[in-house]
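Accompanying notes for the structure given below.
Just so you know, all these numbers are worked out from the coordinates, no wet-lab data involved. What you are looking at is a predicted structure, and each value in this text was computed from that prediction instead of being measured.
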Amino acid sequence: MDKNKPIAALFDLDGVILDTENQYSIYWKEQGEKYRPDIPHFEQKIKGNTLKVILEYFKDQPGVAELVTQGLNDYETHMDYRFIPGVREFIEELRKNGIKTAVVTSSNEQKMACVYKTHPHFKEYFDHILTADRFRKSKPDPDCYLLGANIFETIPENCMVFEDSLNGIEAGNRAGMTVIGLATTNSVEAIKNKTHYVIPDFQSFSYEKMCSLMEEFSKKA
């Protein structure tokens, strides 16, 4: 860690800030079974990817990408955007202690408009909200998290990533950051060897715990 540079907490959105991943699993499972039955567990394979990348799976089927996109837009307008337990309190604690915060999500601005409508004060929790249109490459590429570090003029070693999907976890690791896994989408067993630490939600996680973990893993790096 470089104590002369900012410390940043970079949060994925679905399954980390918002309890929405199970809802997305239902939608993408239906699309996979309907249009790509040749890909088992389609809903798991695409987690963490931008919509642009997901639509590549339907490029050989005329008109399907458009149908899937419209269906998703309609679906998102009726979703339940509940917060993961403890996340708002945790983010507020980080900001009181001078930690930079950003959302780093594969979601697009149309989806975010649904989030803002449900939670009018959502933007106030973060210094930046980075959406899919800001990234050159989709997760598991580290581009999105490296952009987060650059925006805060800090280094990867000073960044902690909060992720739930395997693609997102890989992106955080490839960026050289400390990765905290949320066992909201995948089991503890599935992610514990791919992350630095696993939590079920934020109710028992604190600013002090975050700092101690960053210190611990920076010494091991």
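Within the same chain, lysines fewer than 8 places from residue 47 are excluded, and of the rest, those with a Cα less than 23 Å from its Cα are 29, 34, 59, 111, 137, 139, 192, 194. Note: relative contact order over the chain, using C-alpha pairs below 8 Å and six or more positions apart, is 27 percent.
Note on the stretch 173-221: Cα Rg divided by 2.2 N^0.38 Å, N the number of residues, gives 1.15. Amide H to amide H, with H built 1.01 Å from N, residue 139 comes under 5 Å of 50, counting only residues 5 or more places away or on other chains.
Dividing the summed helix terms, -39500 (n - 2.57) for each DSSP H run of n ≥ 4, by the number of residues in the chain produces a 222 nm estimate of -12000 deg cm²/dmol to the nearest 500. Between the stretch 123-195 and the stretch 36-79, the alpha-carbon centres lie 22 Å apart.
Rounded to the nearest 10 degrees, the angle from helix 64-76 to the longest Cα principal axis of the chain is 60 degrees. For the chain, DSSP calls about 5 percent of its internal beta bridges antiparallel.
Using the Karplus relation 6.51 cos²θ - 1.76 cosθ + 1.60 with θ = phi - 60°, the per-residue 3J(HN,Hα) values for the stretch 145-162 come to 6, 5, 4, x, 5, 5, 4, 8, 6, 10, 10, x, 5, 9, 10, 10, 9, 10 Hz, with x marking Gly and Pro.
Tilt of helix 109-118 relative to the longest C-alpha principal axis of the chain, in degrees (0 to 90, nearest 10)? Approximately 70 degrees, to the nearest 10.
Under a 10 Å cutoff between Cα atoms, tell me which one of 52, 123, 34 has the largest fluctuation in the Gaussian network model of the chain. So, out of 52, 123, 34, the one fluctuating most is 34.
Annotation: amide H-H contacts under 5 Å for residue 101 (H modelled 1.01 Å from N, sequence separation of 5 or more, or interchain): 9, 127, 128.
The phi torsions of the stretch 204-215, fed into the Karplus equation with coefficients 6.51, -1.76 and 1.60 and a -60° offset, translate into couplings of 10, 10, 9, 4, 4, 5, 4, 5, 5, 5, 5, 5 Hz, rounded to whole numbers, with Gly and Pro shown as x.
The angle between the Cα long axis of helix 21-35 and the main principal axis of the chain comes to about 30°, on a 0 to 90 degree scale. For residue 3, the lysines whose Cα comes closer than 19 Å to its Cα, not counting residues fewer than 8 places off in the same chain, are 96, 100, 209, 219, 220. In the stretch 21-76, the C-alpha radius of gyration followed by the widest Cα-Cα span (Dmax) gives 10.2, 28 angstrom. Averaging the sequence gap over all C-alpha pairs within less than 8 Å and six or more residues apart, then dividing by the number of residues, gives the stretch 77-131 a relative contact order of 42 percent.
Bridging of residue 117 to aspartates and glutamates at a Cα separation below 17 Å is possible for 14, 19, 74, 76, 80, 109, once same-chain residues fewer than 8 apart are set aside.
Structural size metrics of the stretch 55-160, computed from C-alpha coordinates, are Rg and Dmax of 16.3, 52 Å. Over the stretch 21-76, Cα pairs under 8 Å with separation of 6+ residues give a relative contact order of 30 percent.
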